[in-house]
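The values are calculated or read from the model by the stated rules, or taken from the named source; none is laboratory data. Quantities reported herein were computed from a predicted structural model and do not represent experimental measurements. Backbone-built Cβ (ideal geometry, glycine too); neighbour counts: all protein chains shown. What goes into the accessible areas is simple: the full protein's heavy atoms, side chains included, and nothing from ligands, DNA or RNA. Shrake-Rupley method; radii C 1.70, N 1.55, O 1.52, S 1.80 Å.
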Amino acid sequence: MFFSEIIITILCIIAIVFVVVFFYYVPFFLWISARVSGVHISLMQLFLMRIRKVPATTIVRAMIEAHKAGLSDVNRDDLEAHYLAGGNVDAVVHALVSASKANIDLGFKMATAIDLAGRDVFQAVQMSVNPKVIDTPPVTAVAKDGIQLIAKARVTVRANIRQLVGGAGEDTVLARVGEGIVSSIGSAASHKEVLENPDSISKLVLRKGLDSGTAFEILSIDIADIDIGKNIGAALQIDQAQADKNIAQAKAEERRAMAIALEQEMKAKAQEARAKVIEAEAELPRAMAEAFRSGNLGVMDYYRMRNIEADTNMRETIGAPVKK
């Protein structure tokens, strides 16, 4: 009796384990749910999904959603392949259903390509239905009259499904719009023209086709705000005048230094000449003595020369400036 109870317990445990393993590898209730929803899939296919490490629940749920939405180009093999490639099956199916309801031409291959490219395909479809508004950072530009303007714009974009794979993102659109604003303001003759007609910026920027090669289609560009900045032209003129002043001062300083050097040179030459005069004057008594001895100079000549020297000293004294 005891051994029979043990055998029955073991058999029950084996049966329970078998049932658990069976329903894990053969999701019977998931198969029933698919059949009730009109999706044709066999238990063997569900079993093979478990073997291939593919979540059967995700694939079946996606197939049910696609079937209910009337999508005929979605099948099990493609969904499994997309999952094994690292894609988001739920996002792809949601995007296909939304695109179908919004009459957007989006096929399964295109949706999976967008998803594998790293973009949110469902969000892209939503943006195609509901355009997105992007606020640009403040863009600074200078008109021809030298006045700086600071503009802010709002760009309304819609996702371009065909350009999502390989197309540029929002940063490129904002950079191009900023470049267009700078070009438009820079070509204006006066900042007053821009302030009077801000829509001229929008028209000029839109004509440039800035959405070319991007994942978006620009619907409109609206100038939200324009502020007046610095007077760049006046500042440049002031800087130029200061630079010219510095150059003139440098040249004047150079001329002054040259004049001082010339003056010093002339003083040196004057001192040299004065030294030669003093040296010559020192030789004068000796020459006079020699003239007296040789008879070339008489006493009257000597007194006449002394009178001339005295007269010369008197004139120099009278002509000299009075010291205060």
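Points to keep in mind about this one:
- The chain: angle of helix 299-319 to the longest principal axis, Cα-based, in degrees nearest 10: 40 degrees
- Estimated FRET transfer efficiency when R0 is 51 angstrom, pair Glu217-Lys68 (beta carbons, to 0.05): 0.95
- Kirkwood hydrodynamic radius computed over the range 192-241 comes to 13.7 Å, based on all pairs of distinct alpha carbons.
- The angle between the Cα long axis of helix 2-25 and the longest principal axis of the Cα atoms of the chain comes to about 50 degrees, rounded to the nearest 10.
- Sequence-ordered 3J(HN,Hα) estimates for the range 252-263 from the Karplus curve with 6.51, -1.76 and 1.60 and θ = phi - 60° stand at 5, 5, 5, 5, 5, 5, 5, 5, 5, 5, 5, 4 Hz, glycine and proline given as x.
- Between Ala270 and Gln242, the FRET efficiency estimated from the beta carbon spacing at R0 = 30 angstrom works out to 0.15.
- Around the amide H of Ala153, modelled in the peptide plane, lie the amide H atoms of Thr136, Ala224, all under 5 Å away and 5 or more residues distant in sequence or on another chain.
- Å² per residue, accessible surface of the range 125-250 at 1.4 Å: 54 Å²
- Ratio Rg/Rh [Cα only; Rh per Kirkwood] for the range 213-275: 1.66
- Rounded to the nearest 0.05, the FRET efficiency derived from the C-beta distance between Asp311 and Glu253 at R0 = 56 Å is 0.75.
- Between the helical axis of 170-186 and the longest alpha-carbon principal axis of the chain there is an angle of about 40 degrees.
- Dividing the helix sum by the residues of the chain, where each DSSP H run of 4 or more adds -39500 (n - 2.57), gives a mean residue ellipticity at 222 nm of -21500 deg cm²/dmol.
- Amide H to amide H distances under 5 Å link Thr214 with Ala168, where only residues 5 or more positions off or on other chains count and H is placed in the peptide plane.
- Largest to smallest accessible area among Met63, Met110, Met266 [probe 1.4 Å]: Met266, Met110, Met63
- With K and R counted +1 and D and E -1, the other residues having a Cβ less than 13 Å from that of Ala69 yield a net charge of +1.
- By the rule of a C-alpha distance below 29 Å, with chain neighbours fewer than 8 residues away ignored, the lysines paired with Lys132 are Lys101, Lys109, Lys152, Lys203, Lys208.
- Table column - 3J(HN,Hα) (Hz), the range 43-49, Karplus curve with 6.51, -1.76, 1.60, x for Gly and Pro: 5, 5, 5, 5, 5, 5, 4
- Phi-derived couplings, Karplus 6.51 cos²θ - 1.76 cosθ + 1.60 at θ = phi - 60°, listed residue by residue for the range 125-134: 5, 4, 6, 5, 7, 10, x, 9, 9, 10 Hz, with x used for Gly and Pro.
- Estimated distance in nm for a label pair at Ser190 and Glu263, the labels positioned 7 Å out from Cα along Cα-to-Cβ: 5.4 nm
- Close amide H pairs (under 5 Å, H built 1.01 Å from N) link Ser220 with Thr156, residues at least 5 positions away or on another chain.
- Accessible surface of the chain [probe 1.4 Å, protein heavy atoms]: carbon and sulfur percent: 59 percent
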